[in-house]
Structures are given as C-alpha cells and as structure tokens.
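Peer 1: Handing you a structure now.
The values are calculated or read from the model by the stated rules, or taken from the named source; none is laboratory data. This structure is a prediction, so every number in the text was calculated from the model and none was measured. Glycine also receives a Cβ, built like all others from the backbone with ideal geometry; neighbour counts cover every protein chain displayed.
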Amino acid sequence: MTTGSPSTTSGDSVVRAASVDVTLNGIPIVRGATLDIAKGEVVAILGNNGSGKTTLMRALMGLIPHHGEIEVFGTPLARFRDWVRIGYVPQRGSILVQQATAREVVASGRLGHRRFFLPESAADRRAIADALAEVGLADKATYPFVRLSGGQQQRILIARALATGADLMAWDEPLAGVDHKTQELLAGVATRLKSKGTTIVMVLHELGCFRNLIDRTIVLADGRVMPPGYNHHDHEHPHAGHRDVHGGHEVDETERPRTHRTGLEVG
Ligand SMILES: Nc1ncnc2c1ncn2[C@@H]1O[C@H](COP(=O)(O)OP(=O)(O)OP(=O)(O)O)[C@@H](O)[C@H]1O
Ligand SMILES: [Mg+2]
C-alpha cells in the first residue's frame, strides 16, 4: 500500500478532483483538494473527526456545491448523468427512510435501470434478491428498514449499492458500528468487487479488515489532502475536529444540494 499520488495515469481515471473547495454556511470545509483515483483502485480516505471526509465525498458525488474541478469517469461532474454507475453509501445516520422495507431500500438502487413507473423486470428482481443474499439478509427483505439494527441497515445500504451493478463504489464509513462478523462479511463483498475490477473509495477510521484490500490512502486534515506519508494519528489532539458546535450533517445548509443522487440522502 502507498500513500499520496495515484498509481496509474489519468487515462483510466474514475474520480479526479483538482483544487476543490467546499464552503458550507460560509465556513471553508474542504480546501484545495486534489486527487485522482484510477479504475480498479481501492482507496481509503482517512482523517480525524471533522476533517472533511464526508464533505469531500458528498462533493465528489455532486450532492453539494464546490469550486474547482471534479470529473467522474472522465466527465465533468456538471455534465455527468450516469449515476447508476456509482454505488454511494452515505455515512450512517444521514439517511431518511421512514416507511421503507429492507427490500424497498435495495430496490431503489435499481430505479436508474428502469423507465419511470414501469414495474420491476426479472433482472431487477434477480439483482435485488442476489444483493440481499450477498449481505446475508434475504430473510429480512420485508422488514421495515428502520426496525433493522444499525449494522443490518448498513448491510442493506451496501446491498443497495450492489444491486445497481455500479462500477464505482463510494462508501462513507461502512464499518462504523458494525460487529466483527459483519466487518468480515463486508470485506468479503469488497474483495469480490475488487476482483472484478470495481473501483472502491471508502471513508474509514481504521483500515481494519479492509487492510489487505486497500491500494492507497488519502489523508485529510482540516479539509486539506495531506502529503504522502502523513499519519493523522500522530496529529490527534482532544480539541481537534469539529470547528462548529453543531457538528456534522445535522446543520441546516444554506447552500442546498442541486439534486439528490441517491434519493435517500438528507440534503
Ligand atoms: N452544513 C454545514 N455547515 C457548516 N459546517 C458544516 C456543515 N456540515 C459539516 N460542517 C462541518 O464541517 C466539518 C467537516 O465535517 P465532515 O462531516 O465532512 O467531517 P468528517 O471528516 O466526515 O467527520 P467524521 O469522522 O466525524 O464523520 C465539521 O467541522 C463539521 O462541523
Ligand atoms: Mg464523516
């Protein structure tokens, strides 16, 4: 594993950002972020609480406005339309799903494959069933999503990303609050995805059971991408992180997202 610069040329770039700034409620949160993630790479984004990992991820997904350049699959974000190619799993706690069953959450990942208002195809049903089985929750299909445990909800969101057949996975803290067995299950899912060439970008606190899978880490500190070799654990101090007493995503944003890419995310 290496840190810092991408291991391949920009010809097969899947996510590219150049000098990206994100300002929320007048506060600069991501500052001058430049990164390049190549096809098939598994990249971990690391950093202390409040360092801007989620904000950067949301900007890369086109969920919040940014300044600077972002390209996804070689297309400038403003022109990118192929959202089914991305399996975005937001950080836990940022999901707004009141009534949906587990299966409905997974099925929502297939919407891009269908024309609006058409019923599910056999391929949709197979993809949904396979994804539920892959995360070991086929038996929970009809459960209300909110009644599942936190770790089960996390697996359902991963299943949703799998059901899209995405070739870029963007997972924000997939291991947060899930037990060891589930972590290993998710590492198995990621291993299988990697072996078929899927690009994976994950925000992580610890590399944990993903350690052997990760090709490269990108470390954020105070909204900036750190140079290769930087270890954020060496720079932790008790008051680091939250620049804002409200903390995180609960704050009402004055800048609204232009669109909701997942349909599940809280703006
Ligand atoms: N809408 C907003 N308005 C103002 N500040 C915000 C807003 N959203 C997030 N922030 C601030 O931006 C900073 C970075 O938040 P972000 O959620 O990106 O961090 P993170 O690295 O993902 O943290 P964690 O590890 O806790 O998930 C935090 O200080 C947070 O309080
Ligand atoms: Mg976060």
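Peer 1: Tell me whether the stretch 225-236 contains one or more residues that are at pLDDT 95 or above and over 30 Å from Arg126 (Cβ atoms).
Peer 2: Of the stretch 225-236, the ones at pLDDT 95 or above are 225.
Checking the rest, the ones that are also over 30 Å from Arg126 (Cβ atoms) come to 225.
Yes, some residue in the stretch 225-236 is at pLDDT 95 or above and over 30 Å from Arg126 (Cβ atoms).
Residue by residue, here is whether (1) within 16 Å of ligand 2 (Cβ to nearest atom); (2) in contact (Cβ under 8 Å) with a residue 40 or more places away in the chain; (3) in a helix (DSSP H, G or I); (4) in contact with a Gly (Cβ under 6 Å, 6 or more places away or on another chain) holds:
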position	(1), (2), (3), (4)
Gly151	no, no, yes, no
Ala161	no, yes, yes, yes
Gly177	yes, yes, no, yes
Thr182	no, no, yes, yes
Thr191	no, no, yes, no
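Peer 1: Checking Ile45 against (1) at pLDDT 95 or above; (2) of a type in the set (Val, Ile, Thr); (3) more than 12 Å from ligand 1 (Cβ to nearest atom); (4) within 14 Å of the chain's Cα centre (by Cα), which test does it fail?
Peer 2: Checking Ile45 against (1) at pLDDT 95 or above; (2) of a type in the set (Val, Ile, Thr); (3) more than 12 Å from ligand 1 (Cβ to nearest atom); (4) within 14 Å of the chain's Cα centre (by Cα), the one that fails is (3).
Peer 1: Give me the pairs: first residue in the stretch 202-222 and touching a residue at least 12 places away in the same chain (Cβ under 8 Å), second residue in a strand (DSSP E or B) and of a type in the set (D, E, K, R), beta-carbon distance under 6 Å, and six or more apart or on different chains, which are they?
Peer 2: Every condition considered, the pairs that remain are Val203/Asp172.
Peer 1: Something else: Out of the residues in the stretch 193-211 that are among the charged types (D, E, K, R) and part of a helix (DSSP H, G or I), which is nearest to ligand 2 (Cβ to nearest atom)? Full working, then the answer.
Peer 2: Just the residues of the stretch 193-211 that are among the charged types (D, E, K, R), to begin with: 194, 196, 206, 211.
Going one step further and asking which of them are part of a helix (DSSP H, G or I), we end up with 194, 211.
Working: Lys194: 23, Arg211: 20 Å.
Across the stretch 193-211, the extreme among qualifying residues is Arg211.
Peer 1: Output the number of residues of the stretch 73-98 satisfying the condition of being modelled with pLDDT under 95 and under 17 Å from Asp12 (Cβ atoms). Reasoning before the result, please.
Peer 2: Taking the stretch 73-98 and keeping what is modelled with pLDDT under 95, we get 77-98.
Imposing the further condition that a residue be under 17 Å from Asp12 (Cβ atoms) reduces the set to 80, 82, 85-86.
The qualifying residues number 4.
Peer 1: If you scan the stretch 45-59, which residues turn out to be more than 8 Å from ligand 2 (Cβ to nearest atom), in contact with a strand residue (DSSP E or B) (Cβ under 7 Å, 6 or more places away or on another chain) and of a type outside the set (S, T, N, Q)?
Peer 2: Ile45, Leu46, Gly47, Gly52, Leu56, Ala59
Peer 1: Of all residues being within 16 Å of ligand 1 (Cβ to nearest atom) and of a type in the set (A, V, I, L, M, F, W, C) in the stretch 211-233, which is nearest to Ile37 (Cα to Cα)? Just the residue, please.
Peer 2: Among residues in the stretch 211-233 that are within 16 Å of ligand 1 (Cβ to nearest atom) and of a type in the set (A, V, I, L, M, F, W, C), the one nearest to Ile37 (Cα to Cα) is Ile218.
Peer 1: Consider the stretch 48-72. How many of its residues are surrounded by fewer than 24 Cβ atoms within 10 Å (Cβ to Cβ), aliphatic (A, V, I, L, M) and modelled with pLDDT of 95 or more?
Peer 2: The qualifying residues number 1.
Peer 1: Looking only at the stretch 192-209, which residues are more than 16 Å from ligand 1 (Cβ to nearest atom) and surrounded by 14 or more Cβ atoms within 10 Å (Cβ to Cβ)? Before you say what the answer is, go through the steps one by one.
Peer 2: Pass one, the stretch 192-209, residues more than 16 Å from ligand 1 (Cβ to nearest atom): 192-200, 209.
Correct list: Leu193, Lys194, Thr198, Thr199, Ile200, Cys209.
Peer 1: Could you pull out the residue among Val15, Val22 that is within 16 Å of ligand 1 (Cβ to nearest atom), at pLDDT 85 or above and in contact with a helix residue (DSSP H, G or I) (Cβ under 8 Å, 6 or more places away or on another chain)? Break it down stepwise before answering.
Peer 2: Working: Val15 fails: within 16 Å of ligand 1 (Cβ to nearest atom).
Within the list Val15, Val22, the selection yields Val22.
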